[in-house]
Amino acid sequence: MVRVDGGRDSSSLIQARGLDKKYQRGSEEIHVLQGLNLDVDKGDFVAFMGPSGSGKTTLLNLIGGLDVPSAGSITVAADEITHMSRSKLTEWRARHVGFVFQMYNLIPVLTAFQNVELPLLLTKLSKADRRNHVETALAIVGLVDRTDHYPRQLSGGQEQRVAIARAIVSDPTFLLCDEPTGDLDRKSADEIMNLIQRLVKEFGKSVLMVTHDPVVAQRADVTLHLEKGVLVEAAKPEGVTAGGLA
Amino acid sequence: MKFRGLIFANLFRKKIRFSLTIGSFAVALFLFGLLAVVRGAFSQGVEVAGADRLVVINRVSIIQPLPLSYRERILQLRGVKMITFANWFGGVYQDERNFFPQFAIDIENQRKVYPELTVPEDQWQTFVKDRQGAIVGAATAKRFGWKIGDRIPLKSSFLPGPWEFNLDGIYHGQRRQDDETQFWFQRNYLEERVPDRLKGQIGWYVLRVENPDDSVRIAKEVDELFANSPYETRTETEKAFAAGWVKQMGNIEFLILSIGGVVFFTLLLVTGNTMAIAVRERTAELAVLKAVGYSDRFVLLLVLAESLLIAILGGALGLGLAKLFTLGGDPTRGLLPFFYLPLKAIISGLGVALAVGVASGLLPAVGAMRLRVVDALRRV
């Protein structure tokens with residue numbers, strides 16, 4: 001269950017408490033997140049919506065350990081990540097987070113197989129084991145016949161599927177998707193969303209997704225709106241429970 | 001190494017740029033190789049000089065003669081084992097471009113003082129019996145295609161008349177760096193034909209001492225022996241003599257280091273700029289690597305590895321080409337008799353290439369290491 005009231009629930013997979021994030025732009029201080037609370041359980045699929053500059057991507061970056069909050073704390077699977085060193089955070093990301101970006105961000109000189117294999121090169125898996133994992137991930141995203149293709153030889157939808165395979169290949173605790181369909185046509189976007197829903201339903205992955213597209217957001221279990229750094233409303237009124245959204 | 005694919009894929013992503021950068025290294029290291037060859041050619045005499053040999057020349061200049069009568073007096077000094085002498089002939093073969101050193105030698109002691117330059121015994125004996133005989137180094141014999149039995153005419157630059165010699169033997173150096181360009185003939189033959197005013201005079205003496213530790217003392221004693229005479233001497237170790245000879249031609253070392261320094265500094269700028277561009281255009285990729293768990297240190301090493309690989313590949317190519325070039329022999333027709341690229345220079349060259357590789361890759365690598373994922377992705 002997703003909660004935004006900061007009520008105590010130590011069993012949540014992801015807990016954010018009193019998150020603040022400020023940036024300095026010249027002499028101006030920009031308060032992006034202001035005392036944000038969030039609880040996400042295993043298997044939850046949450047969409048974040050809101051206007052540009054509302055802090056969606058910032059929130060994702062904080063939860064993914066790519067950035068540190070100005071105040072507040074984030075705990076993921078009992079690990080308090082807000083005070084980890086850069087190197088510890090890097091190791092933590094490798095174990096727990098799968099990233100999917102709007103622009104796919106595949107390495108153009110590597111094949112689909114090699115791109116998906118990248119996170120596994122950091123593990124102690126043997127070459128054969130790595131191959132098995134990569135083939136499994138590519139099978140899940142339906143691209144076993146494209147293993148030797150380079151990104152330039154794939155469509156946008158296929159590239160994003162390779163990126164998703166890269167995100168899931170090391171079996172992370174949760175996925176962070178930053179506008180995963182933002183660069184795709186409707187048909188490809190639907191395919192990607194089907195795939196992400198399948199990861200949630202069949203594989204029990206928790207997914208936190210930023211999107212501008214209400215159609216895409218509807219595919220999530222819960223949609224949270226961010227406006228000026230504050231969670232202001234739930235998109236599915238029927239899911240609202242006492243102090244939370246189901 | 002499991003990251004090999006990643007490193008090589010990055011290296012070859014811009015093939016033209018990769019080739020040009022490798023080419024820059026190759027050209028610079030080729031030049032380095034040639035400079036090392038030239039430096040070696042000038043300083044080789046210093047390096048191969050016998051530790052137990054002293055050279056005695058006229059104190060005024062090497063072109064001034066010394067009396068042959070000094071020989072016996074020098075031999076009597078304590079610690080002098082043997083002595084030989086020679087005259088400079090200064091001849092040319094066919095035309096002025098065919099330069100090589102020719103010496104009128106003392107046939108009794110030449111081989112004792114220079115044991116590293118060997119001649120087959122039968123050839124030597126033929127030479128000793130032949131007044132017009134000559135022994136030539138293998139390099140010069142090869143250069144002119146001379147065979148034993150050939151008749152060799154030389155024209156002296158300061159002695160009258162045509163000079164003809166019979167090639168009786170070919171000498172070889174025991175070490176690779178030994179000089180195999182000399183042409184020896186009997187001093188007696190020279191003595192017969194020089195004008196009276198030059199008779200009984202030699203160009204220089206070379207002594208072998210029993211103990212190299214006594215060299216300084218013996219040199220001093222030789223010079224004191226002939227002090228205040230019409231022919232005062234200057235005695236020094238063969239190494240010092242060779243070094244002085246090189247110095248007379250100018251500060252070759254400084255010249256070569258200056259040229260090399262400029263070349264490598266330029267290479268550093270070119271490669272550094274290339275690596276900076278290569279890193280800048282991969283900002284998003286490096287950010288993604290970091291996002292999925294690659295450490296800052298790994299990214300630093302990744303960029304450095306690419307830079308080092310370029311340096312090694314380009315350096316090896318350039319030095320290989322320089323080595324190939326030297327295999328063709330001295331292109332200056334005898335001005336650089338020691339024309340080869342020694343292993344030491346190849347190793348130094350690779351060391352310099354690696355240093356430039358590290359230096360040029362360091363700034364971009366540190367930049368990549370410090371890259372913040374959030375900032376990098378925002379820029380894309």
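B:ASN10 meets the conditions (1) over 30 Å from B:GLU236 (Cα atoms); (2) away from chain A (no Cβ under 14 Å); (3) crowded, with 20+ Cβ neighbours inside 10 Å; (4) polar (S, T, N, Q) in every case but one. The failed one is (2).
Just one of (1) under 24 Å from B:ALA51 (Cα atoms); (2) surrounded by fewer than 21 Cβ atoms within 10 Å (Cβ to Cβ) fails for B:PHE226. It is (2). Scanning the stretch A:143-170 for residues that are free of Cβ contacts under 8 Å to residues at least 24 places away in the same chain and either in a loop (DSSP other than H, G, I, E, B) or among the β-branched types (Val, Ile, Thr) (or both) returns a single hit, A:VAL144.
Is there a residue being within 30 Å of B:TYR340 (Cα to Cα) and within 22 Å of the chain's Cα centre (by Cα) anywhere in the stretch B:182-201? So that I can check it myself, show each step before the final result.
Initially, the stretch B:182-201 is screened for residues within 30 Å of B:TYR340 (Cα to Cα), giving B:182-185.
In the following step, the residues that additionally are within 22 Å of the chain's Cα centre (by Cα) were identified as B:182-183.
So far as the stretch B:182-201 goes, yes, one or more of its residues are within 30 Å of B:TYR340 (Cα to Cα) and within 22 Å of the chain's Cα centre (by Cα).
Annotation: B:MET1 fulfils all but one of (1) assigned to a helix (DSSP H, G or I); (2) surrounded by fewer than 17 Cβ atoms within 10 Å (Cβ to Cβ); (3) modelled with pLDDT under 90; the unmet one is (1). Within the stretch A:46-59, residues that are basic (Lys, Arg) sit with their Cβ atoms under 6 Å from residues that are not in a strand (DSSP E or B), at 6+ positions apart or across chains, in these pairs: A:LYS56/A:GLY50. Among the residues that make up the stretch A:111-121, is at least one of them assigned to a loop (DSSP other than H, G, I, E, B) and within 12 Å of another protein chain (Cβ to nearest Cβ)? Checking the stretch A:111-121: at least one residue is assigned to a loop (DSSP other than H, G, I, E, B) and within 12 Å of another protein chain (Cβ to nearest Cβ).
For the stretch B:103-125, does any single residue satisfy the condition of being among the aromatic types (Phe, Trp, Tyr) and under 23 Å from B:VAL55 (Cα atoms)? Reasoning before the result, please.
First pass over the stretch B:103-125, keeping only residues among the aromatic types (Phe, Trp, Tyr): B:103, B:114, B:124.
Within this subset, residues satisfying the condition of being under 23 Å from B:VAL55 (Cα atoms) are B:103, B:114.
Looking for residues that are among the aromatic types (Phe, Trp, Tyr) and under 23 Å from B:VAL55 (Cα atoms), one finds at least one in the stretch B:103-125, hence yes.
Residue count for the stretch A:96-110, restricted to those that are within 20 Å of A:LYS205 (Cα to Cα), among the aliphatic types (A, V, I, L, M) and either at the interface with chain B (Cβ under 9 Å from one of its Cβ atoms) or free of Cβ contacts under 8 Å to residues at least 60 places away in the same chain (or both): 1. Name the one entry in B:PHE30, B:PHE18 that is assigned to a helix (DSSP H, G or I) and within 14 Å of chain A (Cβ to nearest Cβ). So the residue among B:PHE30, B:PHE18 that is assigned to a helix (DSSP H, G or I) and within 14 Å of chain A (Cβ to nearest Cβ) is B:PHE18. Annotation: of all residues in the stretch B:153-167 being buried (at least 19 other Cβ atoms within 10 Å of the Cβ) and over 29 Å from the mean Cα position of the chain (by Cα), the one that is farthest from B:LEU343 (Cα to Cα) is B:TRP163. Looking at this structure, is B:VAL292 crowded, with 18+ Cβ neighbours inside 10 Å, touching a helix residue (DSSP H, G or I) at 6+ places or on another chain (Cβ under 7 Å), without any contact (Cβ under 8 Å) to a residue 24 or more places away in the chain and closer than 30 Å to A:HIS96 by Cα? Against the criterion (crowded, with 18+ Cβ neighbours inside 10 Å, touching a helix residue (DSSP H, G or I) at 6+ places or on another chain (Cβ under 7 Å), without any contact (Cβ under 8 Å) to a residue 24 or more places away in the chain and closer than 30 Å to A:HIS96 by Cα), B:VAL292 qualifies.
Residues of the stretch A:122-146 that are surrounded by fewer than 20 Cβ atoms within 10 Å (Cβ to Cβ) and either at the interface with another protein chain (Cβ under 9 Å from one of its Cβ atoms) or among the β-branched types (Val, Ile, Thr) (or both): A:THR123, A:LYS127, A:ARG130, A:THR136, A:ILE140, A:VAL144.
Could you list all residues from the stretch B:335-373 that are among the hydrophobic types (A, V, I, L, M, F, W, C) and in a loop (DSSP other than H, G, I, E, B)?
Here is the first cut: in the stretch B:335-373, the residues among the hydrophobic types (A, V, I, L, M, F, W, C) are B:335-336, B:338-339, B:341, B:343, B:345-347, B:350, B:352-356, B:358-359, B:362-363, B:365-366, B:368-369, B:371, B:373.
Scanning the stretch B:335-373 gives B:LEU335, B:LEU336, B:PHE338, B:PHE339, B:LEU341, B:LEU371.
Kindly indicate whether B:ILE16 is within 30 Å of A:ARG152 (Cα to Cα), assigned by TED's automatic domain parsing to the domain that holds B:GLY320, in contact (Cβ under 8 Å) with a residue 40 or more places away in the chain and hydrophobic (A, V, I, L, M, F, W, C). No. Yes or no: the stretch B:291-305 includes at least one residue that is within 14 Å of chain A (Cβ to nearest Cβ), of a type outside the set (A, V, I, L, M), part of a helix (DSSP H, G or I) and more than 15 Å from B:ASN10 (Cβ to Cβ). Yes: one or more hits.
Residue check: is A:PRO172 surrounded by fewer than 20 Cβ atoms within 10 Å (Cβ to Cβ) and within 12 Å of chain B (Cβ to nearest Cβ)?
Values: surrounded by fewer than 20 Cβ atoms within 10 Å (Cβ to Cβ): no; within 12 Å of chain B (Cβ to nearest Cβ): yes.
No: the conditions fail for A:PRO172.
Residues that are under 21 Å from the mean Cα position of the chain (by Cα) and among the small types (Gly, Ala, Ser) were ranked within the stretch B:41-81; the one that is modelled with the lowest pLDDT is B:GLY45. Selection of the stretch A:58-97 for residues being of a type outside the set (A, V, I, L, M) and over 21 Å from A:SER11 (Cα atoms) yields A:THR58, A:ASN61, A:ASP67, A:PRO69, A:SER70, A:SER85, A:ARG86, A:SER87, A:LYS88, A:THR90, A:GLU91. The residue list B:LEU321, B:LEU341, B:LEU309 contains one member that is surrounded by fewer than 20 Cβ atoms within 10 Å (Cβ to Cβ), under 30 Å from B:GLY173 (Cβ atoms) and touching a helix residue (DSSP H, G or I) at 6+ places or on another chain (Cβ under 9 Å), which is B:LEU321. The set of residues in the stretch B:330-360 that are polar (S, T, N, Q) and at pLDDT 90 or above comprises B:SER348, B:SER360.
The values are calculated or read from the model by the stated rules, or taken from the named source; none is laboratory data. This structure is a prediction, so every number in the text was calculated from the model and none was measured. Neighbour counts run over all protein chains shown; Cβ positions are idealised from the backbone, glycine included.
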